[in-house]
Amino acid sequence: MASLTCPYCFARVARERVAFRCAGSPGRGPGCAPRLDERLAAYTGSTATASLPPVFAPPEPARLRIGRAPARRADCPECGQTTARRACPECHNPLPAAYCETPGKIVALVGAKNSGKSTYIAVLLHELSHRIGAELGTSLVACDDRTIERYKRDFHRPLFGERRLLAATASAVTAPRDPLVYLLTRTRRRHLRQRDMSLTLVLFDTAGEDLRSRDVTDLHLRYLAAADAIIFLVDPLELKSGEGDPDGDPVNVIARVTELLRAGRDVPHGRRLPVPAAVALTKIDALPLEGSLERQRDRSDVLDLDDREAVHEQVRALLHDWQAGELDRYLGHEYAEYGLFGVSALGGVPRDGAVGTGGIRPYRVEDPLLWLLYRFGMLDGARG
């Protein structure tokens with residue numbers, strides 16, 4: 001039986017070993033009373049929301065018929081109540097049923113300081129819930145209440161409600177925070193058959209200073225070792241100028257993260273990493289554009305492979321024009337598959353710490369994710 005990766009603590013867990021949490025006592029009915037869950041409290045760093053009914057192990061595999069899928073429901077050994085609530089046996093965070101039962105993919109997103117990570121995350125999730133979701137026929141569901149609250153408080157409310165720019169991300173050393181964990185589900189229809197596929201988006205809004213040293217990177221980005229794909233965000237103005245702090249240089253940041261990926265996957269130097277890498281130049285609206293980058297992607301439920309290749313080659317040409325061809329060469333040496341992109345979350349220049357008068361007009365923010373969906377077999381590609 002295949003294993004899955006917990007999108008919170010990133011432990012590898014055999015599917016038949018996924019734990020259950022008792023449903024508890026509704027009102028005065030039977031069921032276990034809440035108690036302090038020490039493993040969950042250790043993960044969250046607080047006991048405030050860690051008083052819940054107990055977690056228990058699933059039925060013994062020996063009791064399951066050979067070839068039978070892992071149990072979807074189980075009886076609590078203490079109160080006898082049946083529950084369908086799944087939980088990671090290591091950190092006790094909840095695991096969505098769809099994530100336990102379908103192939104899941106973890107996409108990691110990182111970027112250096114000033115690359116626009118927070119704004120990109122806010123707009124990408126908004127687009128997936130609205131325009132892109134309708135276009136592709138996908139559903140995007142937060143995996144826990146912490147994700148719902150944090151997205152509303154730190155991303156959606158200030159940017160879309162108050163129309164002000166998001167503040168620079170504080171270091172995780174001084175301001176620990178939860179990842180944003182979403183389940184993206186799509187029904188793919190081919191040859192009169194359909195198949196539901198899921199993708200787990202695990203997004204950490206990592207501060208630039210958290211990427212300065214390999215030790216800190218290992219501490220705060222260890223989820224990269226479990227990533228099935230990665231999206232790098234790069235500030236093109238910094239690349240173009242060739243100035244700035246060497247520790248925050250996009251090439252150096254990508255190199256540090258790549259080393260972590262190699263260590264986590266035990267891939268020796270000389271072999272390319274089997275992790276698709278999307279490298280996106282952010283704030284592309286601030287540059288004079290031509291060719292494929294000058295126009296929006298045609299709306300479709302397939303990936304336009306001609307457009308994808310044209311954008312890749314145009315961004316590659318820009319890198320070499322800026323004397324930043326080293327980035328392109330490095331990616332070619334280190335990754336079996338990589339794609340170059342140009343995106344803009346706002347679609348215009350902000351003014352005085354607020355969204356510009358033209359409002360939020362996303363430009364190709366979905367392109368890196370659509371390419372990854374294509375690589376994962378969740379999206380068809382077409383030419384012409």
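When Thr187, Thr147, Thr82, Thr357 are compared by accessible surface with a 1.4 Å probe, the order from highest to lowest is Thr357, Thr82, Thr187, Thr147. Estimated at the nearest 10 Å², the accessible area of Ile360 is 40 Å² with a 1.4 Å probe.
Ranking Ala310, Ala108, Val181 by Cα position along the charge dipole of the chain, where only Lys, Arg, Asp and Glu carry charges on their C-beta atoms, puts Val181 farthest toward the positive end.
Annotation: Glu78 carries an accessible surface of approximately 110 Å², with a 1.4 Å probe and no ligand, DNA or RNA atoms counted.
Across Glu337, Glu127, Glu294, mean-square fluctuation computed from a Gaussian network of the chain (C-alpha pairs under 10 Å connected) peaks at Glu294. Selection among Leu319, Ser300, Tyr335 by position relative to the dipole of the stretch 296-339 gives Leu319 as farthest towards the positive end (Cβ unit charges, Cα centre).
Secondary structure note: in the chain, about 60% of the DSSP beta bridges are antiparallel. Between 0 and 90 degrees, the angle of helix 250-265 with respect to the longest Cα principal axis of the chain falls at about 30 degrees.
Work out the P(r) tail for the chain: percent of alpha carbon pairs separated by more than 34 Å, whole number.
31
Of the accessible area of the chain, computed with a 1.4 Å probe over protein heavy atoms only, carbon and sulfur atoms account for 48 percent. When the chain is treated as a GNM, springs tying every alpha-carbon pair under 10 Å, which of Leu184, Leu40, Leu192 comes out with the largest mean-square fluctuation? Greatest mean-square fluctuation among the candidates belongs to Leu192. Rounded to the nearest Hz, the phi-derived 3J(HN,Hα) couplings of the stretch 277-289 under the Karplus curve 6.51 cos²θ - 1.76 cosθ + 1.60 (θ = phi - 60°) are 10, 9, 10, 10, 6, 8, 6, 5, 5, 7, 10, x, 10, where x marks glycine and proline.
Residues in the stretch 331-348 carry Karplus couplings, in order, of 4, x, 6, 9, 10, 5, 9, 8, x, 10, 9, x, 9, 9, 6, 8, x, x Hz; the curve used is 6.51 cos²θ - 1.76 cosθ + 1.60 with θ = phi - 60°, and Gly or Pro positions show x. Highest mobility in the GNM of the chain, judged by mean-square fluctuation with C-alpha springs under 10 Å and restricted to Gly133, Gly161, Gly332, is found for Gly161. At q = 0.16, 0.23, 0.25 Å⁻¹ the log10 of I(q)/I(0) for the stretch 301-384 amounts to -0.78, -1.11, -1.17, computed by Debye summation with a single uniform scatterer per C-alpha, solvent ignored.
For the stretch 268-275, 3J(HN,Hα) computed residue by residue from phi via the Karplus equation (6.51, -1.76, 1.60; θ = phi - 60°) reads x, 5, x, 10, 6, 5, x, 10 Hz, glycine and proline entered as x. Charges were assigned to the Cβ only: +1 to each Lys and Arg, -1 to each Asp and Glu. The resulting dipole of the stretch 236-346 about its Cα centre is roughly 360 debye.
Would you mind getting the accessible area per residue of the chain, heavy atoms of the protein chains only, 1.4 Å probe, in Å²?
Heavy-atom accessible area per residue stands at 48 Å².
Accessible area of Glu16 (1.4 Å probe, protein heavy atoms only, ligands and nucleic acids ignored): about 50 Å². Between Ala50 and any residue 5 or more places off or on another chain, the built amide H atoms are never under 5 Å apart. Close amide H pairs (under 5 Å, H built 1.01 Å from N) link Ala229 with Ile106, Ala108, residues at least 5 positions away or on another chain.
What the Cα convex hull of the stretch 1-158 gives, in volume per residue, is 162 Å³.
Across the chain, the mean sequence separation of Cα contacts (distance under 8 Å, 6 or more residues apart), normalised by length, yields a relative contact order of 15 percent.
For the stretch 218-347, the Kirkwood estimate of the hydrodynamic radius, built from every pair of different alpha carbons, is 15.7 Å.
The values are calculated or read from the model by the stated rules, or taken from the named source; none is laboratory data. As the structure is a computational prediction, the values presented were derived from the model and not from experiment. Backbone-built Cβ (ideal geometry, glycine too); neighbour counts: all protein chains shown. All accessible areas refer to the heavy atoms of the entire protein, side chains included, with ligands and DNA or RNA removed. Shrake-Rupley method; radii C 1.70, N 1.55, O 1.52, S 1.80 Å.
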